[in-house]
Amino acid sequence: MGTFKFDGIAFNSTEKKKPVDEDKHTYLGLEHLDSDSIYITRYGADVAPKGDKLIMKKGDVLFGKRRAYQKKVAIAPFDGIFSAHGMVLRPKEDVIDKDFFPMFIKSDYFLDAAIKISVGSLSPTINWRDLKELKFELPSLEEQRKLAEVLWAIYDMKDKYKKLILATDELVKSQFIEMFTDVKKGILSDMATIIMGQSPDGKTYNDTGDGMAFYQGKTEFGDLYIREATTWTTAPSRIAIANDVLMSVRAPVGSTNIATEECCIGRGLAAIRPIEEKTTTMFIIYAMRVIEDTIANMGVGSTFKAINKDQVHKLPIPLANIELQNQFVELAEQSDKSKFALQEAIKDLDALSKKIIAENLIPAGKE
């Protein structure tokens, strides 16, 4: 184990260029980097980006230095240009193995240390002059190669599981289309009563449990059921009841959860209450999740996207009989169980990866 300053571990490539039209096809901005993946799945811009951009080469490690708390790290998939709000990093291979390098930069060991030196309040940014002085412990190159092999195997398995989750979602969507193709189409208000949220006076809010649970938006959304409230109000205005479907109608638009108790809803939510004998809570939530992307794209507004009462009322839904609805719900619930198992496996792999990093990179007593 040796101690190295970061500029002894990595090169920070600052070579830039002013984009021309063809560069729009190989441009990567921070918006193209995902916090939970080291791989790039989208890229490019409609027009050539303005201002000087960093030149990147295939295999470079891209690090979002602006709002570094988002932990955006990715491997450049091709030669191109990268946002000036990032860093283009390359390994010093006499100190760090090239295959281990991306795993090191993606690790909490590196990122947590880097985040601590961010400066600025609105958009905290990391400066190279500070980052290069940070010191890190590294094992021998031979040990790094062994670690890289294990960590990449874990990472690729996680990536496969994530793709299976996406495939499961697509299967549910395709089954929905197949099952309801010949069913008469209606609108949501044909099958449910819709209550648009309205925020009570802020003076009535408290965090001591006094009054009725209050949900302003999707902050407390869980996987399917809403989590315990953190805010209450003594003067509830618009009220949802247990088993209402709650839909986020303001930035982000379209997310859904199920209410577990009587609660007050703010203007960021709508409550969708199934009409008995026409439909069920579970059918509504799964039907709305099938078209969630469509709902999200309906949002309008320059600062915060939102949908209005009329749009919620007119959301499309098949007017199927209860038996057919229940068949679809059964399929969707089984898919949820499969996704849950995959998500738990991903969590276990995350924990294993962090354990390996802690045992092999962080000196005893500094965890």
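The values are calculated or read from the model by the stated rules, or taken from the named source; none is laboratory data. Only a predicted model underlies this, so the values are computations on that prediction, with no experimental measurement involved. Note that we place each Cβ from the backbone using ideal geometry, even for glycine, and neighbour counts take in every protein chain shown.
Restricted to the range 245-356, the set of strands (runs of 3 or more DSSP E) holding at least 2 residues that are of a type in the set (A, V, I, L, M, F, W, C) and under 27 Å from Met212 (Cβ atoms) comprises 245-248, 263-265, 269-274.
Restricting Tyr225, Tyr205 to those that are among the hydroxyl-bearing types (Ser, Thr, Tyr), at pLDDT 95 or above and under 22 Å from the mean Cα position of the chain (by Cα) reduces the list to Tyr225. Please specify each residue of the range 92-137 satisfying the condition of being without any contact (Cβ under 8 Å) to a residue 60 or more places away in the chain and among the basic types (Lys, Arg). Passing the criteria: Lys98, Lys116, Arg129.
Applying the set (1) touching a helix residue (DSSP H, G or I) at 6+ places or on another chain (Cβ under 7 Å); (2) on the phi > 0 side of the Ramachandran plot; (3) of a type in the set (D, E, K, R) to Lys278 leaves exactly one unmet item: (2). Only helices (runs of 4 or more DSSP H) whose full extent lies in the range 56-147 are considered here, and the ones with at least 1 residues that are hydrophobic (A, V, I, L, M, F, W, C), over 20 Å from Ser353 (Cβ atoms) and more than 22 Å from the chain's Cα centre (by Cα) are 128-131.
Filtered by the rule that a residue be of a type in the set (A, V, I, L, M) and either under 29 Å from Ser302 (Cβ atoms) or in a strand (DSSP E or B) (or both), the range 208-225 gives Met212, Ala213. Take the conditions (1) modelled with pLDDT of 95 or more; (2) out of contact with any helix residue (DSSP H, G or I) (no Cβ under 6 Å at 6 or more places or on another chain); Ala270 misses just one of them, which is (2). Scanning the range 143-164 for residues that are free of Cβ contacts under 8 Å to residues at least 40 places away in the same chain, under 17 Å from Lys347 (Cα atoms) and not small (Gly, Ala, Ser) yields Asp156, Lys160, Lys163.
Do you know which of the residues in the range 165-197 that are surrounded by fewer than 17 Cβ atoms within 10 Å (Cβ to Cβ), more than 21 Å from the chain's Cα centre (by Cα) and small (Gly, Ala, Ser) is nearest to Asn243 (Cα to Cα)? Looking at the filtered set, the residue picked out is Gly186.
Only one of the numbered conditions (1) modelled with pLDDT under 95; (2) of a type outside the set (A, V, I, L, M); (3) within 30 Å of Glu262 (Cα to Cα) is not met by Gly186, and that is (1). Of all the criteria given as (1) on the phi > 0 side of the Ramachandran plot; (2) buried (at least 19 other Cβ atoms within 10 Å of the Cβ), the one not satisfied by Arg67 is (2).
Go through the residues of the range 288-302 one by one and say whether even a single one is farther than 30 Å from Ala167 by Cα and hydroxyl-bearing (Ser, Thr, Tyr). Scanning the range 288-302 turns up at least one residue that is farther than 30 Å from Ala167 by Cα and hydroxyl-bearing (Ser, Thr, Tyr).
Candidates in the range 231-266 are the residues that are within 17 Å of Ser199 (Cβ to Cβ) and among the hydroxyl-bearing types (Ser, Thr, Tyr); of these, the one that is modelled with the lowest pLDDT is Ser237.
If the condition is being among the hydrophobic types (A, V, I, L, M, F, W, C) and surrounded by 23 or more Cβ atoms within 10 Å (Cβ to Cβ), then the range 39-60 contributes only Met56.
Could you tell me which residue of the range 120-148 is surrounded by the fewest Cβ atoms within 10 Å (Cβ to Cβ), considering only residues that are closer than 12 Å to Ile9 by Cβ and among the basic types (Lys, Arg)? Checked the range 120-148; the qualifying residue surrounded by the fewest Cβ atoms within 10 Å (Cβ to Cβ) is Lys135. Being in contact with a Phe, Trp or Tyr (Cβ under 6 Å, 6 or more places away or on another chain), in contact (Cβ under 8 Å) with a residue 40 or more places away in the chain, outside any loop (DSSP other than H, G, I, E, B) and among the hydrophobic types (A, V, I, L, M, F, W, C), is that true of even one residue in the range 30-50? Within the range 30-50 (the criterion being in contact with a Phe, Trp or Tyr (Cβ under 6 Å, 6 or more places away or on another chain), in contact (Cβ under 8 Å) with a residue 40 or more places away in the chain, outside any loop (DSSP other than H, G, I, E, B) and among the hydrophobic types (A, V, I, L, M, F, W, C)), the answer is no, since none of the residues qualifies. Restricting Val172, Val183 to those that are in contact with a helix residue (DSSP H, G or I) (Cβ under 9 Å, 6 or more places away or on another chain), in contact (Cβ under 8 Å) with a residue 40 or more places away in the chain, assigned to a helix (DSSP H, G or I) and among the β-branched types (Val, Ile, Thr) reduces the list to Val172.
Might you let me know whether the range 16-36 holds any residue that is among the β-branched types (Val, Ile, Thr), touching a helix residue (DSSP H, G or I) at 6+ places or on another chain (Cβ under 8 Å) and under 27 Å from Lys162 (Cβ atoms)? No; the residues of the range 16-36 include none that is among the β-branched types (Val, Ile, Thr), touching a helix residue (DSSP H, G or I) at 6+ places or on another chain (Cβ under 8 Å) and under 27 Å from Lys162 (Cβ atoms).
Tell me whether the range 73-92 contains one or more residues that are surrounded by 15 or more Cβ atoms within 10 Å (Cβ to Cβ), modelled with pLDDT of 95 or more, more than 18 Å from Thr14 (Cβ to Cβ) and among the charged types (D, E, K, R). Looking through the range 73-92, none of the residues is surrounded by 15 or more Cβ atoms within 10 Å (Cβ to Cβ), modelled with pLDDT of 95 or more, more than 18 Å from Thr14 (Cβ to Cβ) and among the charged types (D, E, K, R).
Of the residues contained in the range 289-306, none is found to be more than 19 Å from the chain's Cα centre (by Cα), surrounded by 18 or more Cβ atoms within 10 Å (Cβ to Cβ) and over 19 Å from Met196 (Cβ atoms).
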